[in-house]
Amino acid sequence: MIRLEEITKDNLDDVLALRVHEDQKSYVSTNAESLAQAYVYSETAWPFAVYDDKTLVGFIMMGYYEAKQYYTLWKFMIDRNYQGRGYGKKALELGLNFVQEQFHPDTIYTGVAPGNRVAKGLYESAGFVDTGFREFGMEEMCKRFGM
């Protein structure tokens with residue numbers, strides 16, 4: 001059973017040890033960087049460990065981007081040892097459900113690094129579309145709820 005869990009002192013080191021493949025490193029922040037951002041933006045960042053039963057398989061962080069006043073899939077990664085097994089799709093669904101149930105936005109945004117076809121395909125399969133906007137070297141995508 002795939003689920004999202006709070007990151008605590010009991011699982012922090014395991015979350016920090018998660019890794020992507022070498023060729024994916026330029027597409028994602030380290031989990032240490034992401035958790036530092038979550039700490040600084042603690043009122044608007046919601047980081048989670050992704051588990052399959054008792055096995056830690058990934059990390060996802062949802063957030064609220066105050067400057068643009070919208071909700072976002074801020075950070076997301078599945079450990080290299082667990083990719084290609086459907087964990088990403090389910091974790092993304094759970095992250096989106098969290099934001100939808102807690103805050104009821106009409107739209108959620110994310111950014112994808114140019115060339116990261118796997119992530120872009122995953123986001124598109126969940127209903128995200130490219131907005132055509134580019135910022136900070138990222139391609140913006142959005143998903144409208146209820147559409």
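The values are calculated or read from the model by the stated rules, or taken from the named source; none is laboratory data. As the structure is a prediction and not an experimental result, all values here were calculated from the model. A quick note on method: Cβ atoms are made from the backbone with ideal geometry, for glycine too, and the neighbour counts reach across all protein chains shown. The area values use the complete protein model at the heavy-atom level, side chains included, leaving out ligands, DNA and RNA. Shrake-Rupley method; radii C 1.70, N 1.55, O 1.52, S 1.80 Å.
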**Fill in**
Checked pairs for segment 118-139, first at positive phi, second open to solvent by less than 40 Å² (accessible area, probe 1.4 Å) and among the hydrophobic types (A, V, I, L, M, F, W, C), C-beta under 9 Å and 6 or more apart or across chains, list as Gly127/Leu96; Gly137/Ala113
**Asked** List pairs: first in segment 95-112 and part of a helix (DSSP H, G or I), second β-branched (Val, Ile, Thr), Cβ under 7 Å, 6+ apart or cross-chain?
**Response** Gly95/Ile60; Leu96/Ile108; Val99/Ile108
**Asked** From the set of residues in segment 135-147 that are surrounded by 12 or more Cβ atoms within 10 Å (Cβ to Cβ) and modelled with pLDDT under 95, which is farthest from Val28 (Cα to Cα)?
**Response** Phe145
**Asked** Looking at Lys89, Lys75, Lys68, which one is of a type in the set (D, E, K, R) and open to solvent by 70 Å² or more (accessible area, probe 1.4 Å)?
**Response** Lys89
**Message:** So, Ala126, is that one surrounded by 14 or more Cβ atoms within 10 Å (Cβ to Cβ) and either touching a Leu at 6+ places or on another chain (Cβ under 7 Å) or farther than 16 Å from Trp74 by Cα (or both) or not?
**Reply:** yes
**Complete:** Taking segment 92-115 and keeping only residues that are buried (at least 18 other Cβ atoms within 10 Å of the Cβ) and over 20 Å from Gln69 (Cα atoms), one is left with Leu92
**Message:** Anything in segment 9-26 that is open to solvent by 50 Å² or more (accessible area, probe 1.4 Å) and either under 14 Å from Tyr82 (Cα atoms) or without any contact (Cβ under 8 Å) to a residue 60 or more places away in the chain (or both)? List them, or say none.
**Reply:** Lys9, Asp10, Leu12, Asp13, Asp14, Leu16, Ala17, Arg19, His21, Glu22, Asp23, Lys25
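Of the residues Val40, Val50, which is closer than 23 Å to Tyr71 by Cα and open to solvent by 100 Å² or more (accessible area, probe 1.4 Å)?
Among Val40, Val50, only Val40 is closer than 23 Å to Tyr71 by Cα and open to solvent by 100 Å² or more (accessible area, probe 1.4 Å).
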**Request:** Just name the residue that is nearest to Ser26 (Cα to Cα) out of those in segment 66-94 that are over 14 Å from the mean Cα position of the chain (by Cα) and not in a loop (DSSP other than H, G, I, E, B).
**Result:** Arg80
